[in-house]
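Trainee: I have a structure I would like to understand better, so I am pasting it below and will then ask my questions one at a time.
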Amino acid sequence: HAGDAARTDLMTITRYVLNEQTKHPESRGDFTILLNHIVLGCKFVCSSVNKAGLAKLIGLAGETNVQGEEQKKLDVLSNEVFVKALVSSGRTCILVSEEDEEATFVEPSLRGKYCVVFDPLDGSSNIDCGVSIGTIFGIYVINDGKEPTVEDVLQPGRDMLAAGYCMYGSSCTLVLSTGSGVNGFTLDPSLGEFILTHPDIKIPKKGKIYSVNEGNAKNWDGPTSKYVQKCKFPDDGSSPKSLRYIGSMVADVHRTLLYGGVFLYPADKKSPNGKLRVLYEVFPMSFLMEQAGGQAFTGKQRALDLVPKKIHDRSPIFLGSYDDVEEIKALYAAEE
Ligand code: AHM
Ligand code: MG
């Protein structure tokens, strides 16, 4: 019937990116190719994540090799999936992964102009209990023909060309920004296609949720403690905020993007730079927040203005609804 016929009219992620490409007549389609390879990596990891529980319990055929080696850990596997997908795109020159100590320089014959920073499987402590986990990525571009160096990725987050994440949850959702707004796509497993389900995501200006690991409260600094106290005991007559904390950055940020509020991983006395990594956690999520109309702040400055010194640098982060982050900024300003 008519409903079925209409299905081929869906906006798939490929179609979306090709459409975007036509807005840049000078484009040679390199970005579209790169993104296709990232999408393939996401689909592959999604299918592995979905099989993970089964594979562990009953040992899926092919999961154990002839030497009887143990099945690969999912985070190691995901890293290999993305490294292979990115290198084989022929469009990358430097890869920075949370899983690898050093940056990977792509061999000259497969080299392209994009640098990709990523956390292949974030929140992996959540795998065994079936809680949502995800892949986070950010993309920089270097000048054509330039010999790549690690300096090319030690750039402020505002210079990213694109950023996104894929959440492996009850459904598989890919959220992407190429610098003009944020769009969300959901994998239709029967088609193997990501379909545009959340066009032009805008975060509510103010939210009713705060999201933080309160178990660290003992070691927080003044402004963080004050802010969380205000969430629970507002002094302006407003209702207290609800607390939601999954402990999986992708899931916590995804909820924040859709429902509003703030996600914070602040500094504490034990970890003065917080926990989350600048290049492949803080930057991509901050990029998405700003593109959705929210803000991202480190406690000192706009998160996207940070300049990382090392590829695995960390930073405190407060991100979410514009007005909520504004309140946090005021508390830090009052401290100075
Ligand atoms: P991971 O890269 O080791 O998985 O750690 C990152 C995760 C984030 O997904 C999450 O926001 C944070 O760690 C939770 O940390 P904590 O358990 O300290 O609250
Ligand atoms: Mg991580």
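Trainee: Within region 206-250, count every residue that is over 21 Å from the mean Cα position of the chain (by Cα) and surrounded by fewer than 19 Cβ atoms within 10 Å (Cβ to Cβ). Step through it out loud before you land on a result.
Mentor: Taking region 206-250 and keeping what is over 21 Å from the mean Cα position of the chain (by Cα), we get 206, 208, 214-243.
From the residues that got through so far, the ones that are surrounded by fewer than 19 Cβ atoms within 10 Å (Cβ to Cβ) too are 206, 208, 214-219, 221-222, 225-226, 229-230, 232-240, 242-243.
Number of matching residues: 25.
Trainee: Additional query: Filter region 251-276 down to residues that are loosely packed, with under 15 Cβ neighbours inside 10 Å and basic (Lys, Arg) and give me whichever is nearest to ligand 2 (Cβ to nearest atom).
Mentor: 270
Trainee: When residue 163 is evaluated against the numbered criteria (1) in a loop (DSSP other than H, G, I, E, B); (2) closer than 28 Å to residue 197 by Cα; (3) not β-branched (Val, Ile, Thr), which criterion, by number, is the only one it fails?
Mentor: All conditions pass for residue 163, except number (1).
Trainee: Note down all Cβ pairs under 7 Å where the first residue falls in region 37-56 and is closer than 19 Å to residue 138 by Cα, the second is surrounded by fewer than 17 Cβ atoms within 10 Å (Cβ to Cβ) and at pLDDT 90 or above, and they're at least six residues apart or on different chains.
Mentor: From residues that are closer than 19 Å to residue 138 by Cα, the pairs are 37/88; 43/192.
Trainee: Just the residues that are under 16 Å from the mean Cα position of the chain (by Cα) and aromatic (Phe, Trp, Tyr), please, taken from region 252-298.
Mentor: Selection gives 263, 265, 280, 283, 287.
Trainee: On to the next question. How many residues are out of contact with any strand residue (DSSP E or B) (no Cβ under 7 Å at 6 or more places or on another chain), among the acidic types (Asp, Glu) and either farther than 30 Å from residue 171 by Cα or within 10 Å of ligand 1 (Cβ to nearest atom) (or both) when one looks only at region 104-156?
Mentor: Of the residues in region 104-156, 3 are out of contact with any strand residue (DSSP E or B) (no Cβ under 7 Å at 6 or more places or on another chain), among the acidic types (Asp, Glu) and either farther than 30 Å from residue 171 by Cα or within 10 Å of ligand 1 (Cβ to nearest atom) (or both).
Trainee: Let me ask something else about it. Taking the condition of being within 16 Å of ligand 2 (Cβ to nearest atom) and assigned to a loop (DSSP other than H, G, I, E, B), how many residues in region 88-119 meet it?
Mentor: Taking region 88-119 and keeping what is within 16 Å of ligand 2 (Cβ to nearest atom), we get 95-101, 116-119.
Of the ones still in play, those that are also assigned to a loop (DSSP other than H, G, I, E, B) are 98-101.
So the answer is 4.
Trainee: Those residues that are more than 21 Å from residue 117 (Cβ to Cβ), away from ligand 1 (no atom under 12 Å from the Cβ), touching a residue at least 40 places away in the same chain (Cβ under 8 Å) and aliphatic (A, V, I, L, M), I need them from region 239-296; list them, please.
Mentor: Across region 239-296, the qualifying residues are 258, 262, 267.
Trainee: Checking residue 93 against (1) under 19 Å from the mean Cα position of the chain (by Cα); (2) over 17 Å from residue 308 (Cα atoms); (3) at pLDDT 95 or above, only one condition comes out false. Which one?
Mentor: Here residue 93 meets the rest and fails (1).
Trainee: From (1) closer than 15 Å to residue 46 by Cβ; (2) in contact (Cβ under 8 Å) with a residue 60 or more places away in the chain; (3) out of contact with any strand residue (DSSP E or B) (no Cβ under 9 Å at 6 or more places or on another chain), pick out the condition that doesn't hold for residue 172.
Mentor: (3)
The values are calculated or read from the model by the stated rules, or taken from the named source; none is laboratory data. Since we're looking at a predicted model, the values are computed, not measured. Cβ coordinates were reconstructed from backbone atoms using ideal geometry, including for glycine residues, and neighbour counts include every protein chain displayed.
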